[in-house]
Amino acid sequence: MKFNSLRSLRLLVLLPWLLAGQGWFLGAAQNRPVPNEQLASKDLNARVEALLEKMTLEEKIGQLVQYSAGYATGPNASNLKYDELVARGQVSSFLNVVGAEATNHYQHIAMEKSRLHIPLLFGQDVIHGHRTTFPVPLALAASWDPSAAEFVAHYGAVEARADGLAWVFSPMVDIARDPRWGRIIESSGEDPYLGSAMARAWVKGYQQDDLSRPDSVAVSVKHFAAYGAAVAGRDYNATDMSELTLRQVYLKPYHAAVDAGAATLMSSFNSINGIPATANPFTLTQILRREWGFDGFVVSDWGAVSELINHSIGDGPTVALKALEAGVDMDMEGNLYGTVIAGQVRSGKIPESVVDEAVRRVLRVKFALGLFEHPYTAEGPAYDATPDRRAAARRVADETLVLLKNDPVEGVGALLPLTAKAKKVALIGPLADNQRELLGAWAVTGDPKYVVTLRTALQERLGDRLLYAQGCDLLTGEDASIVKRVDFDRPMAADDHSPVPDDARTIAEAVDTSKKADVVILALGEPANWMEGEAASRATLGFTGVQEQLLEAVAATRKPIILVVLAGRPLELTWAAAHVPAIVEAWSPGIEAGHAVADVLFGDVNPSGKLPSSFPRSVGQEPLYYAQLPTGRPAAHLDLSHFPQNPQEKFVSRYMDEENSALFPFGWGLSYTRFSYAQPTISRAEVPAQEVIASAGKPVVKVGVDVRNTGSVAGTEVVQFYIRNTAASVEQPVRELKGFARVTLAPGEQKHVEFPLGFDELNFYNVDLKRTVEPTIYKIWVGGSSLAKAETSLRVVE
Ligand code: NOJ
């Protein structure tokens, strides 16, 4: 198939989606004996060796060099003479060079002027779609539907390939347990089980288990490793954790991605227990290559090799050598490998064989992608958000919204779904009609002009029954310094920030507008472009600017309020949860934002999303996650509405001024119907530990549960399966997710759902860091959130 026709690929894109049953896509990747058979293939490796033999040292090092010849997504853009470097064979890859014209320009030089005609590999951040912008990854995780992530990835792959890109810097699989960290938006949230399921799906969607296909791209799984655990949630900060936690929690999604055949990984900016991740032989070689058998290549993050100098582990030549020896094969925009490695080899500081090995890894991926056969990209038709693309984006977005609260209002009942009863609706808030912000924080090639805003979508449904007032901006005049700090030249840069000059007046107008309506929809959140994603950590988690004042002023009208939260991280919704009857978390929904929100508000879509990340009551609880380790002084069952009266309440693990629990816990999400859970059954109540260990990942026990839709409309429930190991040699979390299933039920319908339990689900790392199963009792819960109550147990005996 030709690379040039996106249209002809459309069926290919849609077919898997149509065929997708739950988890339908994941089986093949899970059973693969080696991480990527293509990269391990004999023929391919013979081609690599033949080419390697012909290469000079400079040409070899050239294969380890990547530059950004487009816009900057980090500091120190190099601005070199790229045409000349490419002609000399000293560039392997470019990032941020997009489109047939731009990529072909450099590719012609590489193929026609360089001595060995090695094609360039073009890569870019394709995070939530390429041209067609879908919801952000955190939102996709809220769908708990890996086949949706797989679909988005494949869609992005097709569009990226049409733009000359054969490599995407996605998925980000970092576990994120602290929403102060702005990059939580790119993650699948706090949980290693959900994160691993999503990681496999992203890889499968991009790579299609076959890098040579014209509709697949190589992934770069990032950021290896433990980038999400930056101390205090501050981006680029150090990470410090036990090897046990590293293996048991943080490494799991990367491992899942490697097992799914990931062709490349990206090393992270942070240090891990004192060793920078970009010069860390333990993670990059011992774990990644020796233990996991990874045979693709590792690229550094942007400038991360040269930033090793700031980590104070040596000067330029020393850190380049340390990174290469540790296992970073390609230097992204650091401009160090290309300038100092040859000298290090010639002076005997590093054997040429280390360079050779890195070159092999890079060339393998280029061969597997078919770049030597198809180096160029045909000019395609200009992009347009056609109806089928919109339908795809809407369908995915519909699954990602989470109904956090829907309490009945006196005299009205539950506000949602909105019915014809709502004669006049006031839409208020700075995110109600802002295309750029609704697109999301990391839509590099997405175009805000395609975004359907909430205002547009509600207007379509309500006509002149819709009233509108912006109320305020996302930031105030005083916050303008934040904008200056981040307002640099990149495609999605914020260039349309115009703070409302007089907040008091606009809030008063919004209050007046609210008074004229039967119901108010408030669209609040935070600025995606300035305060979410990379380098966007926050020390507070409230609505930005004066949005909270706007909310409180509108609430004071006593009109029924539906709050739609649009943000790429869990925000502190404590006041809202206490005063607003209905809350929908809509994240950053992409081009079909308004339609997806309207679908849920009007009940055309029954919300089915569940939180992939705990929502705090207060930022001081962070990092807050459900799978906490036990404490000797648990504070469970304490009523915090009073000051501790006795030592049992005082000397426990608690805050004096806040609950321990999340405001909305992991897995939480309501529906317009209700689901009931029967008592779970277990196929065997007792099983010997040795049998579990010997089962090699095959299930030894099945837990079954009947789930019933007891309401009056059809709905989809994410049935969640949690365990707790109550007596292990190393203490284990109070709950851990070990399975989930999306189940659609008609009113009154009941389905039986089964979850397998075997070594994969029951093992943990012992004190010798070996995965094992010991005699114990596992408590088991099944339900609709991490608070699941339907309970059974499994005894593991000697
Ligand atoms: C830095 C970011 O950390 C990484 O996620 C991204 O892929 C690169 N820049 C390239 O843009």
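Points worth noting:
- Within region 87-100, the residues that satisfy the criterion of being buried (at least 18 other Cβ atoms within 10 Å of the Cβ) and either more than 16 Å from the ligand (Cβ to nearest atom) or part of a loop (DSSP other than H, G, I, E, B) (or both) are Gly89, Gln90, Val91, Ser92, Asn96, Val97, Val98, Gly99, Ala100.
- Unique residue being aromatic (Phe, Trp, Tyr) and either in contact with a Gly (Cβ under 9 Å, 6 or more places away or on another chain) or more than 30 Å from Ser147 (Cβ to Cβ) (or both) when the list is Phe721, Phe764: Phe721
- Meets criteria (within 16 Å of the ligand (Cβ to nearest atom), among the hydroxyl-bearing types (Ser, Thr, Tyr) and without any contact (Cβ under 8 Å) to a residue 60 or more places away in the chain) for Ser220: no
- Pair list, Cβ < 6 Å and 6+ apart or interchain, from region 165-181 residues that are crowded, with 24+ Cβ neighbours inside 10 Å to residues that are assigned to a loop (DSSP other than H, G, I, E, B) and among the polar types (S, T, N, Q): Met172/Ser187; Asp174/Ser187; Ala176/Ser187; Trp181/Ser537
- Residue ID - farthest from His223 (Cα to Cα), chosen from residues in region 255-275 that are touching a Leu at 6+ places or on another chain (Cβ under 9 Å) and within 14 Å of the ligand (Cβ to nearest atom): Leu265
Every residue, every condition in (1) of a type in the set (Asp, Glu); (2) at pLDDT below 80; (3) farther than 28 Å from Leu336 by Cβ, yes or no:
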| residue | (1), (2), (3) |
| --- | --- |
| Ser5 | no, yes, yes |
| Gly23 | no, yes, yes |
| Pro33 | no, yes, yes |
| Lys42 | no, no, yes |
| Asn76 | no, yes, no |
| Lys81 | no, no, no |
| Ala87 | no, no, no |
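- If the condition is being assigned to a strand (DSSP E or B) and under 21 Å from Gly233 (Cα atoms), then region 536-590 contributes only Leu566.
- Residue in region 687-708 that is charged (D, E, K, R) and modelled with pLDDT under 95 present: yes
- Filtering region 511-529 to residues that are part of a helix (DSSP H, G or I) and surrounded by fewer than 24 Cβ atoms within 10 Å (Cβ to Cβ) leaves Val511, Asp512, Thr513, Lys515.
- Scanning region 154-167 for residues that are away from the ligand (no atom under 15 Å from the Cβ) and within 15 Å of the chain's Cα centre (by Cα) turns up nothing.
- Of all residues making up region 177-197, the number that are more than 16 Å from the ligand (Cβ to nearest atom) and part of a helix (DSSP H, G or I): 6
- Qualifying residue in region 73-86 (condition: within 16 Å of the ligand (Cβ to nearest atom), closer than 23 Å to Thr377 by Cα and touching a strand residue (DSSP E or B) at 6+ places or on another chain (Cβ under 9 Å)): no
- Among the residues of region 101-117, not a single one is within 16 Å of the ligand (Cβ to nearest atom) and part of a loop (DSSP other than H, G, I, E, B).
Table: residues versus (1) of a type in the set (A, V, I, L, M, F, W, C); (2) surrounded by 19 or more Cβ atoms within 10 Å (Cβ to Cβ); (3) modelled with pLDDT under 95; (4) at positive phi.
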residue	(1), (2), (3), (4)
Phe602	yes, no, no, no
Leu611	yes, yes, no, no
Tyr626	no, yes, no, no
Leu640	yes, no, yes, no
Tyr655	no, no, yes, no
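- Scanning region 597-639 for residues being under 27 Å from the mean Cα position of the chain (by Cα) and basic (Lys, Arg) gives a total of 2.
- Any hit, region 297-319, residues being part of a helix (DSSP H, G or I) and surrounded by fewer than 17 Cβ atoms within 10 Å (Cβ to Cβ): yes
- Checking the stated criteria, Thr419 turns out not to satisfy the condition of being at pLDDT below 95, within 20 Å of the chain's Cα centre (by Cα) and of a type in the set (Val, Ile, Thr).
- Restricting attention to region 202-223, the residues being surrounded by 24 or more Cβ atoms within 10 Å (Cβ to Cβ) and either assigned to a loop (DSSP other than H, G, I, E, B) or of a type in the set (Phe, Trp, Tyr) (or both) number 5.
- Region 423-442: number of residues that are buried (at least 22 other Cβ atoms within 10 Å of the Cβ) and in contact with a Lys or Arg (Cβ under 8 Å, 6 or more places away or on another chain): 3
- So Gln90, is it of a type outside the set (D, E, K, R) and touching a Leu at 6+ places or on another chain (Cβ under 7 Å): no
- Residue count for region 230-252 satisfying the condition of being within 15 Å of the ligand (Cβ to nearest atom) and not in a strand (DSSP E or B): 5.
- Among the residues making up region 49-72, a single one is buried (at least 20 other Cβ atoms within 10 Å of the Cβ), among the β-branched types (Val, Ile, Thr) and away from the ligand (no atom under 16 Å from the Cβ): Ile61.
- Residue within region 448-468 that is of a type in the set (S, T, N, Q) and at pLDDT below 95 present: no
Every residue, every condition in (1) aliphatic (A, V, I, L, M); (2) in a loop (DSSP other than H, G, I, E, B); (3) over 20 Å from Ala696 (Cβ atoms), yes or no:
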position	(1), (2), (3)
Lys751	no, no, yes
Pro756	no, no, no
Asp760	no, no, no
Val767	yes, yes, yes
Ile777	yes, no, yes
Trp781	no, no, yes
Ser786	no, yes, yes
Arg795	no, no, yes
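- Among the candidates Arg771, Arg724, Arg795, Arg708, the residue that is touching an Asp or Glu at 6+ places or on another chain (Cβ under 8 Å) and surrounded by fewer than 16 Cβ atoms within 10 Å (Cβ to Cβ) is uniquely Arg795.
A quick yes/no check of all residues on (1) of a type in the set (A, V, I, L, M); (2) over 21 Å from Leu51 (Cβ atoms); (3) modelled with pLDDT under 95:
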position: Ala279; (1), (2), (3): yes, yes, no
position: Glu291; (1), (2), (3): no, yes, no
position: Ala304; (1), (2), (3): yes, yes, no
position: Ala323; (1), (2), (3): yes, yes, no
position: Val354; (1), (2), (3): yes, no, no
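The values are calculated or read from the model by the stated rules, or taken from the named source; none is laboratory data. Note that the structure is a prediction, hence the values are computed from the model and not measured. As a convention, Cβ positions derive from the backbone with ideal geometry for all residues, glycine included, and neighbour counts pool all protein chains shown.
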